[in-house]
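Heads up, the thing below is written out as structure tokens.
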Amino acid sequence: MLKYGIVGCGMMGQEHLRNIALLPDVEVAAILEPDAEQAARAQAIAPHAQQVADLAAMAARPDLDALVIASPNFMHVDQLRTIYGQCAKPLLVEKPVMTRADEAATLMGLTQDRAAPIWVAMEYRYMPPLAAFLSELDSVTGGVKMLSIREHRFPFLEKVNHWNRFNAQTGGTLVEKCRHFFDLMRLVMGSEPFRISASGGQAVNHRDETYGGATPDIWDNAYVIVDFTCGGRAMLDLCMFAEGARFQEEICAIGPAGKLEARVPGPTRFWPGDAGPAPVAELELSPRFPKSPEVRAIPVPEDLLEAGDHNGATFYQHQKFAAVVAGRAQPEVTLDDGIRAVSMGLAAQEAARDGKVVVL
């Protein structure tokens, strides 16, 4: 039985707890959460876990096989520094792994001589519809030349102390929300970005809110275009005041042989009961010759939908991470992947804010 410690037990930390509970060979032995309300909720999910006073005490526990960091974005780098100074346990750290460009060198320096594995949590790779999308990519498209990712969803949710309302604590919307999609772009293209242009802003959400005398500056919409060294290009279309749609994410890859699309519904808990059955994810394969489009339903087990907001992805990610902790596998999402995704988000924020094209 592998024993984990969870650092940060807010909304995402609780999703980790629920999904870890579904694994037969892993248990959460320790939790660290300074907010009393969130700590109580976490304890209800993991009743046998011990509450730990601080990060140093968590890192020092010899009974823990791994740590999962699910704290607010701006805490990650300092928390990694503390952990690295005390132990060499395998780590799964939530994205974004950093919020500022100057933190990349710090992270690489911390991990340069570290033998224990680190996995950056990019859950979207492991959603069943996107896993199916990735598996069919080359055969359907014949090599991706164009990729578009559309996320039309609900506004940012309420978090402890409203930390997700401000760019300074999140890295900005294109880091906080969209690092998943920049990670997917690199994965799909099999190439690195060299130029980014963008337009974005705050049109609707949080404009009438005030916290500590400050009005939120987090954006709620954007377009981003990314050019890759392979000659392909990708586009992101983000709107965070469009939660009435059947599908939250729609991802489309096109190549000389055909087009492949994945359509992913939002969290089941947000689907209204009077609107009929909740949508089921779809994969559509559209070869050019002969024209024979095919739509496949990609259902996700009900217990996984109930365990979190990522269409089962958190569970499948934890299955793979447990194999890493047990010494049977290597991380599939590296620290370098995490840094590159954030760097793309920061470049997109800069391009949209300053009205320029950013060359990486």
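The values are calculated or read from the model by the stated rules, or taken from the named source; none is laboratory data. Predicted model only: the values in this text are computed from it and were never measured. Using ideal geometry, Cβ is built from the backbone for each residue, glycine included, and neighbour counts are taken over all protein chains shown. Just the protein is used for accessible areas: all its heavy atoms, side chains included, with ligands, DNA and RNA removed. Shrake-Rupley method; radii C 1.70, N 1.55, O 1.52, S 1.80 Å.
Picking from residues in the stretch 104-137 that are among the charged types (D, E, K, R) and touching a residue at least 12 places away in the same chain (Cβ under 8 Å), the one that is least open to solvent (accessible area, probe 1.4 Å) is 123.
Out of 296, 288, 328, 340, one residue alone is more than 19 Å from residue 126 (Cβ to Cβ) and either surrounded by fewer than 16 Cβ atoms within 10 Å (Cβ to Cβ) or among the basic types (Lys, Arg) (or both). It is 288.
The number of residues in the stretch 263-293 that are hydrophobic (A, V, I, L, M, F, W, C), assigned to a loop (DSSP other than H, G, I, E, B) and out of contact with any helix residue (DSSP H, G or I) (no Cβ under 6 Å at 6 or more places or on another chain) comes to 3. Exactly one residue out of 258, 201, 231 is open to solvent by less than 20 Å² (accessible area, probe 1.4 Å), in contact (Cβ under 8 Å) with a residue 24 or more places away in the chain and more than 28 Å from residue 160 (Cβ to Cβ), and it is 258. Here residue 279 clears all of (1) under 25 Å from residue 174 (Cα atoms); (2) out of contact with any Leu (no Cβ under 7 Å at 6 or more places or on another chain); (3) without any contact (Cβ under 8 Å) to a residue 60 or more places away in the chain; (4) not charged (D, E, K, R) except the condition numbered (1). Note on the stretch 1-118: enclosed helices (runs of 4 or more DSSP H) holding 2 or more residues that are among the β-branched types (Val, Ile, Thr) and out of contact with any Asp or Glu (no Cβ under 8 Å at 6 or more places or on another chain) are 76-84, 103-111.
Filtering 174, 187, 147, 157 for residues that are open to solvent by 20 Å² or more (accessible area, probe 1.4 Å) and either under 17 Å from residue 124 (Cα atoms) or assigned to a helix (DSSP H, G or I) (or both) leaves a single hit, 187.
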